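These notes concern the structure reproduced below.
The values are calculated or read from the model by the stated rules, or taken from the named source; none is laboratory data. Not measured: the values here are computed from a predicted model. Here the Cβ positions follow ideal geometry from the backbone for every residue, glycine too, while neighbour counts run over all protein chains shown. Note: areas computed on protein heavy atoms with side chains; ligands, DNA, RNA excluded. Shrake-Rupley method; radii C 1.70, N 1.55, O 1.52, S 1.80 Å.
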Amino acid sequence: MNADPNVAIVATLVSEASRAAILTALLDGRFHPASELAYMAGVKPQTASFHLKKMVDANVVAVEKYGRHRYYGIQNQEVARVMESLLSIAPPIKVKSLNQDLENKAIRSARTCYDHLAGALGVKLTQALIREGILCEEERCFTVTEKGKEFFTAFQIDLEEVKNKRRSFSHKCLDWSERRHHLAGALGNALLEKLLDLNWIQRLPKTRAIKVTPKGKNALKERFSIDL
(Lines give C-alpha, C1' and ligand atoms only; values in the text may rest on other atoms or scores of the structure.)
Protein backbone atom coordinates (compact mmCIF):
# COMPACT_ATOMS: atom_id res chain seq x y z
CA MET A 1 0.00 0.00 0.00
CA ASN A 2 1.46 3.35 -1.05
CA ALA A 3 1.68 6.10 1.52
CA ASP A 4 -0.10 9.33 0.68
CA PRO A 5 2.61 12.06 0.32
CA ASN A 6 0.05 14.78 1.11
CA VAL A 7 -0.07 13.59 4.71
CA ALA A 8 3.64 14.30 5.06
CA ILE A 9 3.15 17.78 3.61
CA VAL A 10 0.49 18.68 6.17
CA ALA A 11 2.49 17.12 9.02
CA THR A 12 5.53 19.19 8.01
CA LEU A 13 3.46 22.37 8.06
CA VAL A 14 2.17 21.77 11.58
CA SER A 15 5.55 20.64 12.92
CA GLU A 16 7.09 24.10 12.44
CA ALA A 17 6.64 26.15 15.63
CA SER A 18 5.68 29.46 14.01
CA ARG A 19 3.12 27.83 11.71
CA ALA A 20 1.66 25.86 14.61
CA ALA A 21 1.34 29.11 16.60
CA ILE A 22 -0.44 30.81 13.68
CA LEU A 23 -2.85 27.89 13.25
CA THR A 24 -3.57 27.88 16.97
CA ALA A 25 -4.35 31.61 16.85
CA LEU A 26 -6.71 30.98 13.93
CA LEU A 27 -8.75 28.59 16.04
CA ASP A 28 -10.77 31.65 17.05
CA GLY A 29 -12.65 31.12 13.78
CA ARG A 30 -11.99 34.64 12.52
CA PHE A 31 -9.95 36.04 9.62
CA HIS A 32 -6.86 38.10 10.45
CA PRO A 33 -4.26 40.10 8.48
CA ALA A 34 -0.73 38.70 8.39
CA SER A 35 0.56 41.51 10.63
CA GLU A 36 -1.87 40.57 13.40
CA LEU A 37 -1.03 36.88 13.13
CA ALA A 38 2.67 37.76 13.24
CA TYR A 39 2.10 39.56 16.54
CA MET A 40 0.12 36.62 17.96
CA ALA A 41 2.80 34.13 16.92
CA GLY A 42 5.71 36.34 18.02
CA VAL A 43 7.36 36.50 14.58
CA LYS A 44 8.10 39.21 12.03
CA PRO A 45 5.36 40.10 9.48
CA GLN A 46 7.56 38.87 6.62
CA THR A 47 7.99 35.53 8.39
CA ALA A 48 4.26 35.21 8.96
CA SER A 49 3.55 35.99 5.30
CA PHE A 50 6.04 33.31 4.21
CA HIS A 51 4.40 30.66 6.42
CA LEU A 52 0.87 31.72 5.46
CA LYS A 53 1.64 31.28 1.75
CA LYS A 54 2.78 27.72 2.40
CA MET A 55 -0.37 26.94 4.38
CA VAL A 56 -2.63 28.51 1.75
CA ASP A 57 -0.91 26.43 -0.97
CA ALA A 58 -1.54 23.29 1.12
CA ASN A 59 -5.25 24.18 1.57
CA VAL A 60 -4.84 24.38 5.33
CA VAL A 61 -5.49 28.13 5.49
CA ALA A 62 -7.94 30.18 3.42
CA VAL A 63 -7.32 33.74 2.25
CA GLU A 64 -9.83 36.46 1.44
CA LYS A 65 -8.83 39.60 -0.44
CA TYR A 66 -10.40 43.01 0.11
CA GLY A 67 -8.74 45.55 -2.13
CA ARG A 68 -5.05 45.57 -1.29
CA HIS A 69 -5.57 43.74 1.99
CA ARG A 70 -5.52 40.00 2.66
CA TYR A 71 -7.13 38.21 5.57
CA TYR A 72 -6.39 34.64 6.63
CA GLY A 73 -8.49 32.01 8.38
CA ILE A 74 -8.55 28.24 8.91
CA GLN A 75 -9.74 26.46 5.75
CA ASN A 76 -12.48 24.38 7.39
CA GLN A 77 -13.64 22.63 10.54
CA GLU A 78 -11.60 19.50 9.73
CA VAL A 79 -8.35 21.46 10.01
CA ALA A 80 -9.58 22.95 13.28
CA ARG A 81 -10.48 19.50 14.61
CA VAL A 82 -7.01 18.15 13.81
CA MET A 83 -5.35 21.13 15.52
CA GLU A 84 -7.51 20.73 18.63
CA SER A 85 -6.64 17.02 18.75
CA LEU A 86 -2.93 17.80 18.50
CA LEU A 87 -3.25 20.35 21.31
CA SER A 88 -4.83 17.67 23.51
CA ILE A 89 -1.64 15.55 23.38
CA ALA A 90 0.94 18.34 23.21
CA PRO A 91 3.02 19.13 26.33
CA PRO A 92 2.08 22.41 28.06
CA ILE A 93 4.07 25.54 27.30
CA LYS A 94 6.13 26.95 30.16
CA VAL A 95 4.57 30.16 31.48
CA LYS A 96 7.22 32.90 31.58
CA SER A 97 5.24 36.05 32.43
CA LEU A 98 2.16 37.29 34.27
CA ASN A 99 0.46 38.24 30.99
CA GLN A 100 1.09 34.78 29.59
CA ASP A 101 -0.32 33.22 32.76
CA LEU A 102 -3.47 35.37 32.56
CA GLU A 103 -3.93 34.55 28.87
CA ASN A 104 -3.48 30.84 29.55
CA LYS A 105 -6.11 30.91 32.30
CA ALA A 106 -8.53 32.85 30.10
CA ILE A 107 -8.08 30.39 27.21
CA ARG A 108 -8.67 27.41 29.49
CA SER A 109 -11.74 29.02 31.06
CA ALA A 110 -13.66 29.78 27.86
CA ARG A 111 -12.60 30.03 24.22
CA THR A 112 -13.70 29.40 20.68
CA CYS A 113 -12.62 26.20 18.96
CA TYR A 114 -12.97 27.40 15.35
CA ASP A 115 -16.72 28.11 15.41
CA HIS A 116 -18.00 26.58 18.65
CA LEU A 117 -17.53 27.01 22.39
CA ALA A 118 -14.68 25.22 24.16
CA GLY A 119 -12.70 25.33 27.39
CA ALA A 120 -14.18 24.77 30.84
CA LEU A 121 -17.35 26.65 29.87
CA GLY A 122 -17.85 24.61 26.69
CA VAL A 123 -17.51 21.34 28.59
CA LYS A 124 -19.72 22.48 31.49
CA LEU A 125 -22.44 23.63 29.11
CA THR A 126 -22.30 20.34 27.19
CA GLN A 127 -22.53 18.34 30.42
CA ALA A 128 -25.46 20.48 31.58
CA LEU A 129 -27.32 19.76 28.33
CA ILE A 130 -26.73 16.04 28.85
CA ARG A 131 -27.70 16.21 32.53
CA GLU A 132 -30.98 17.94 31.70
CA GLY A 133 -31.82 15.40 29.02
CA ILE A 134 -31.48 17.88 26.16
CA LEU A 135 -28.63 15.99 24.56
CA CYS A 136 -27.82 12.30 24.60
CA GLU A 137 -24.14 11.31 24.36
CA GLU A 138 -23.28 8.69 21.74
CA GLU A 139 -19.91 7.21 20.79
CA ARG A 140 -18.96 9.89 18.27
CA CYS A 141 -21.68 12.50 18.49
CA PHE A 142 -24.49 13.99 20.55
CA THR A 143 -28.13 13.49 19.60
CA VAL A 144 -31.00 15.84 20.41
CA THR A 145 -33.78 14.28 22.50
CA GLU A 146 -37.48 15.12 22.30
CA LYS A 147 -37.01 17.37 25.31
CA GLY A 148 -34.03 18.85 23.50
CA LYS A 149 -36.14 19.73 20.47
CA GLU A 150 -38.47 21.70 22.74
CA PHE A 151 -35.52 23.39 24.43
CA PHE A 152 -33.87 24.54 21.21
CA THR A 153 -37.19 25.79 19.84
CA ALA A 154 -37.72 27.84 23.01
CA PHE A 155 -34.08 29.00 22.74
CA GLN A 156 -34.86 30.20 19.20
CA ILE A 157 -32.48 27.81 17.46
CA ASP A 158 -34.05 26.28 14.33
CA LEU A 159 -32.85 22.66 14.33
CA GLU A 160 -34.04 21.98 10.79
CA GLU A 161 -32.12 24.95 9.48
CA VAL A 162 -29.04 23.83 11.40
CA LYS A 163 -29.35 20.25 10.06
CA ASN A 164 -29.54 21.51 6.48
CA LYS A 165 -26.05 22.99 6.66
CA ARG A 166 -23.48 21.00 4.67
CA ARG A 167 -21.46 19.85 7.65
CA SER A 168 -21.50 17.62 10.71
CA PHE A 169 -24.54 18.33 12.87
CA SER A 170 -23.40 17.64 16.44
CA HIS A 171 -20.12 15.74 16.65
CA LYS A 172 -18.01 15.37 19.78
CA CYS A 173 -14.82 17.43 19.97
CA LEU A 174 -12.12 16.51 22.50
CA ASP A 175 -11.30 19.59 24.57
CA TRP A 176 -7.50 19.84 24.87
CA SER A 177 -7.50 21.68 28.21
CA GLU A 178 -10.36 19.80 29.90
CA ARG A 179 -9.64 16.38 28.35
CA ARG A 180 -13.38 15.86 27.92
CA HIS A 181 -15.73 16.30 24.98
CA HIS A 182 -17.68 19.43 24.13
CA LEU A 183 -20.40 20.01 21.55
CA ALA A 184 -19.16 20.90 18.07
CA GLY A 185 -20.54 20.88 14.53
CA ALA A 186 -23.38 23.01 13.20
CA LEU A 187 -25.32 22.76 16.46
CA GLY A 188 -22.29 23.81 18.49
CA ASN A 189 -21.87 26.81 16.20
CA ALA A 190 -25.56 27.74 16.49
CA LEU A 191 -25.33 27.60 20.28
CA LEU A 192 -22.21 29.79 20.31
CA GLU A 193 -23.87 32.39 18.07
CA LYS A 194 -27.00 32.39 20.25
CA LEU A 195 -24.97 33.02 23.41
CA LEU A 196 -23.20 35.89 21.65
CA ASP A 197 -26.53 37.35 20.46
CA LEU A 198 -27.90 37.15 24.01
CA ASN A 199 -24.76 38.95 25.27
CA TRP A 200 -24.10 36.11 27.70
CA ILE A 201 -20.59 35.92 26.28
CA GLN A 202 -18.36 38.26 24.27
CA ARG A 203 -15.44 37.78 21.91
CA LEU A 204 -12.18 39.43 22.91
CA PRO A 205 -9.78 41.09 20.42
CA LYS A 206 -6.55 39.33 19.40
CA THR A 207 -7.36 36.14 21.30
CA ARG A 208 -9.78 33.25 21.08
CA ALA A 209 -10.57 33.57 24.77
CA ILE A 210 -14.23 34.30 25.48
CA LYS A 211 -15.48 36.65 28.19
CA VAL A 212 -18.60 35.72 30.15
CA THR A 213 -20.62 38.85 30.89
CA PRO A 214 -22.28 39.51 34.27
CA LYS A 215 -25.61 38.87 32.52
CA GLY A 216 -24.23 35.59 31.22
CA LYS A 217 -22.98 34.44 34.62
CA ASN A 218 -26.43 34.94 36.12
CA ALA A 219 -28.22 33.32 33.18
CA LEU A 220 -25.90 30.32 33.02
CA LYS A 221 -26.32 29.68 36.73
CA GLU A 222 -30.08 30.16 36.65
CA ARG A 223 -30.74 28.15 33.45
CA PHE A 224 -28.02 25.48 33.54
CA SER A 225 -26.76 25.53 37.16
CA ILE A 226 -23.27 26.50 35.93
CA ASP A 227 -21.17 28.39 38.48
CA LEU A 228 -18.34 30.50 37.07
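Averaging 1/r across all pairs of distinct Cα atoms in the chain and inverting the result yields a Kirkwood radius of 18.6 Å.
Compared with the dominant principal axis of the Cα atoms in the chain, helix 45-57 is inclined by about 70°. Note on the range 45-137: with neighbouring protein chains present and a 1.4 Å probe, carbon and sulfur make up 56 percent of its accessible heavy-atom surface. In the chain, the longest principal axis of the Cα atoms and the axis of helix 214-224 are about 50 degrees apart. Between helix 119-131 and the chain there is an angle of about 30 degrees, using the helix long axis and the longest principal axis of the Cα atoms.
Size estimate for the range 1-124 follows the Kirkwood approach: the inverse of mean 1/r over distinct Cα pairs works out to 15.4 Å.
Once all protein chains are placed together, residue 47 keeps about 50 Å² accessible to a 1.4 angstrom probe.
To the nearest 10 square angstrom, what accessible area does residue 36 show with a 1.4 Å probe? Accessible area, nearest 10 Å²: 50 Å². Considering only 219, 143, 63, and ranking their Cα positions along the charge dipole of the chain that arises from unit charges at the beta-carbon of Lys, Arg, Asp and Glu, the one farthest toward the positive end is 63. Nonpolar atom fraction for the range 182-228, defined as the carbon and sulfur part of the 1.4 Å probe accessible area, stands at 48 percent. When Rg and Dmax are taken over the Cα atoms of the range 91-166, they come to 16.4, 49 Å. Under the convention that each Lys and Arg Cβ holds +1 and each Asp and Glu Cβ holds -1, the size of the dipole of the chain around its Cα centre is about 720 debye.
Sorting 176-185, 102-111 by average packing, meaning the other beta carbons within 10 Å per residue, from highest down gives 176-185, 102-111.
When 173, 141 are compared by accessible surface with a 1.4 Å probe, the order from highest to lowest is 141, 173. Calculated FRET efficiency, residue 225 to residue 101, Cβ-Cβ distance, R0 = 35 Å: about 0.75 to the nearest 0.05.
On average, how much area does the Cα convex hull of the range 119-198 cover when viewed from any direction, in nm²?
Over all viewing directions, the range 119-198 projects a mean Cα-hull area of 5.1 nm².
If you roll a 1.4 Å probe over the heavy atoms of the protein chains, what accessible area per residue do you get for the chain, in Å²?
57 Å²
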